[in-house]
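Heads up, the thing below is written out as structure tokens.
The values are calculated or read from the model by the stated rules, or taken from the named source; none is laboratory data. Remember, it's a predicted structure, so these values are computed and weren't measured experimentally. All Cβ positions, glycine included, derive from the backbone under ideal geometry; neighbour counts span all protein chains shown.
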């Protein structure tokens with residue numbers, strides 16, 4: 001019951017958080033180039049037996065397709081540097 005009360009108290013804050021995120025970041029769509037980069041990463045990692053979470057693959061594929069560096073502390077991305085991912 002305590003968890004439900006906490007969720008209810010936080011609900012009014014969500015629109016503000018959503019607006020802040022939308023103002024702070026540019027949303028990048030998934031286009032054909034991103035899908036191709038994702039497939040290339042996925043195929044190579046599967047072949048090498050090096051699993052990476054799918055969400056991380058999508059983030060990396062988007063950065064590669066848009067030719068953007070990725071700033072992260074997540075170690076999953078280190079193994080993608082030799083596949084075209086630029087890290088900051």
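Some notes on this structure:
- Qualifying residue in the stretch 65-75 (condition: assigned to a helix (DSSP H, G or I), in contact (Cβ under 8 Å) with a residue 12 or more places away in the chain and touching a helix residue (DSSP H, G or I) at 6+ places or on another chain (Cβ under 7 Å)): yes
- Identity of the residue in the stretch 14-47, exposed (fewer than 10 other Cβ atoms within 10 Å of the Cβ) and farther than 22 Å from residue 72 by Cα, that ends up modelled with the lowest pLDDT: 14
- Evaluation of residue 74 against (1) surrounded by fewer than 12 Cβ atoms within 10 Å (Cβ to Cβ); (2) modelled with pLDDT under 95 (one fails), failing number: (1)
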